[in-house]
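Take a look at the structure below.
The values are calculated or read from the model by the stated rules, or taken from the named source; none is laboratory data. Keep in mind it's a predicted model, so treat the numbers as computed, not measured. Glycine also receives a Cβ, built like all others from the backbone with ideal geometry; neighbour counts cover every protein chain displayed. Accessible surface is based on the protein model in full, side chains and every heavy atom, while ligands, DNA and RNA are left aside. Shrake-Rupley method; radii C 1.70, N 1.55, O 1.52, S 1.80 Å.
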Amino acid sequence: MADIVTPVVEALTAPDLAGVVDLVAHPDPHGAPGEAVIVAHATGRVRLTLDADGTERHEVLAGRDPVADTDPLAFLPYDLEQIDPSPANATNAYPEPARRLLGFFSDPDRSPDLAIVHTPGHYFPEYGGHRGEHGSLDVIQSRAPFILSGAGVPRRGVVDGYAHVVDVTPTLLRAAGVDERFHADAAGEPLDGRARTDLLEAGAGRYVIGILWDGGHCSDLLHLAAQGTLPNVARLIEHGTALRGGAVAEFPSVTLCNHTSALTGVGPGRHGVLGNVFYDRAQRRRILANDETTWHRSAEWFRPSVATVFEMLTRADPDATSACVDEAIDRGATASTMQLIRAAGGNDGGGALDAALPPAEDSPYLGNRAHLADSYYRFCSRVDDIGVLQMQQHWASAAVAPRLTWWSNIVTDAGHHAGGPRSAIARDSLMDADRRLGALFDHLDALGVTEDVTFLMTADHGFETADPRVRGDWKGRLDDVSARLGVGFRDEGPGLVYLDV
Ligand SMILES: [Zn+2]
């Protein structure tokens with residue numbers, strides 16, 4: 001087949017689109033499958049490969065390397081991030097671009113032909129964009145918090161360093177005392193992630209609780225905890241270790257891709273959840289995976305080799321119990337919110353539970369009622385409130401408490417989308433989530449079991465602030481070049497471009 005990718009990439013990286021298109025990435029059409037990926041920007045192109053030992057190689061093909069800075073600790077200390085809320089390509093950083101992109105492009109049916117990455121400043125409300133956005137390969141949108149605390153964790157406070165979202169599963173398993181030979185997918189292959197053996201004694205806690213704050217901004221979370229604004233996060237840090245560089249999300253830094261990566265220990269090319277929405281060439285259909293009507297069906301999108309953390313736990317210890325609260329990736333959990341939604345049946349999934357959700361106005365954790373004018377913030381507040389109740393029910397007593405509990409919170413995603421990092425609504429969402437965490441601590445303290453718990457707190461991605469002056473899109477350019485080449489395309493996301501389908 002003629003090379004149809006190169007002219008599309010050239011059209012998308014035209015200088016007049018550089019305000020909205022940061023990067024275009026695609027597999028090297030001249031290399032073997034999985035060998036190399038090419039990343040292009042208006043000012044240059046680079047070919048990325050990965051040595052067997054994980055070393056990333058950059059071969060500049062033209063102009064300048066658009067992902068030259070790969071420092072996972074870029075924009076630290078936090079003051080540096082706040083100078084420019086939406087950095088341009090030349091001053092931005094992109095951690096592990098070869099590993100993450102080669103992984104992303106390794107699904108034969110679901111990986112797109114090319115991925116278009118928005119600039120951090122791009123504001124695109126006409127395509128569902130918000131003041132705060134994520135999804136990019138860049139460091140800030142890819143930086144989730146990573147805090148270990150409690151039983152078996154050294155009390156080092158906030159330290160330099162970083163982990164990966166794919167490290168969450170093996171680290172939870174280590175905390176639960178699961179032998180490393182069970183840290184493997186359903187085919188027995190090793191995970192992409194690694195347990196943080198340096199931060200955790202194996203099997204030190206009787207109980208393990210993983211907490212995810214969706215889109216919880218790593219550096220602002222640590223900043224507010226240090227200030228005393230998030231006292232319960234501060235309590236976690238005081239009794240453990242937080243990594244200043246957080247956990248590097250998989251690409252794209254979108255929700256369902258990274259929830260799946262966190263809870264399976266492998267990247268999107270292996271678990272098959274390429275984004276919140278993607279296309280499957282073999283099934284000839286678009287999969288809308290992260291939606292109120294589909295989020296309880298995550299197991300349907302998994303590739304056959306996927307194993308969840310809950311399945312790995314019971315593979316190692318069939319008697320171990322687990323609970324999974326307000327989280328899509330629940331397969332294998334002894335009890336879960338999504339099981340209740342599936343059992344309720346109906347075609348609207350989570351919508352069926354609407355009547356069961358408490359009114360947002362009555363929330364004891366809501367700091368500012370004005371935010372309920374935002375319908376997403378309102379919905380998330382209701383879901384998170386019932387999340388607290390579920391946690392208290394799963395932990396009715398120490399005797400019935402699960403060995404492994406996973407608890408997702410989503411209001412932090414709503415707050416950061418609405419205003420971007422550091423906005424009043426984003427910070428209020430972190431404070432609401434912190435009060436819910438405090439309710440869990442109160443409950444565990446009353447049971448007298450807090451000292452027996454190992455906690456891991458993380459997120460699925462970070463956030464950056466868009467600039468309302470940076471408008472425009474690439475749709476017209478894609479339409480033009482596809483008409484010129486006589487090639488059809490689908491643009492899912494948008495940004496995942498499938499050619500000739
Ligand atoms: Zn998210």
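Here the peptides 44-52, 117-125 are ranked by packing, the mean other Cβ count within 10 Å, and the order with the highest first is 117-125, 44-52. Pairwise alpha-carbon distances in the chain exceed 40 Å for 16% of all pairs. For region 196-283, the equivalent ellipsoid derived from the alpha-carbon gyration tensor has semi-axes of 30, 18, 10 Å in decreasing order.
Accessible surface area normalised per residue over the chain is 36 Å², counting heavy atoms of protein chains with a 1.4 Å rolling probe.
If we sort 15-22, 355-362, 418-425 on the protection proxy, mean other Cβ atoms within 10 Å, highest first, what's the order?
418-425, 15-22, 355-362
Among rounded, prolate and oblate, which fits region 396-460 when a ≥ b ≥ c are the square roots of the eigenvalues of its C-alpha gyration tensor, a/c under 1.5 means rounded, and a/b larger than b/c means prolate? Because a/c hits 1.5 or more and a/b exceeds b/c, region 396-460 counts as prolate.
The separation of region 22-47 from region 317-334, counted between C-alpha centres, amounts to 39 Å. Highest mean packing comes first when the peptides 89-95, 380-386 are listed by Cβ atoms within 10 Å, giving 380-386, 89-95. The phi torsions of region 331-342, fed into the Karplus equation with coefficients 6.51, -1.76 and 1.60 and a -60° offset, translate into couplings of 4, x, 5, 4, 9, 7, 4, 5, 4, 5, 5, 5 Hz, rounded to whole numbers, with Gly and Pro shown as x. For the chain, the relative contact order is 22 percent, taking Cα pairs closer than 8 Å that sit 6 or more residues apart in sequence and dividing their mean separation by the residue count.
Only sites in a loop by DSSP and with at most 13 other Cβ atoms within 10 Å count here; which trypsin sites (Lys or Arg not before Pro) in region 441-489 make the cut? Please list the in-between numbers first.
Working: sites: ARG469, ARG471, LYS475, ARG477, ARG484; in loops: ARG469, ARG471.
Qualifying residues, ordered by number: ARG469.
The dipole here belongs to region 14-112: it is taken about the Cα centre, uses +1 on the Cβ of Lys and Arg and -1 on the Cβ of Asp and Glu, and is about 260 debye.
Shape summary: region 145-216 maps onto an equivalent ellipsoid whose semi-axes, from the alpha-carbon gyration tensor, are 20, 15, 11 Å in decreasing order.
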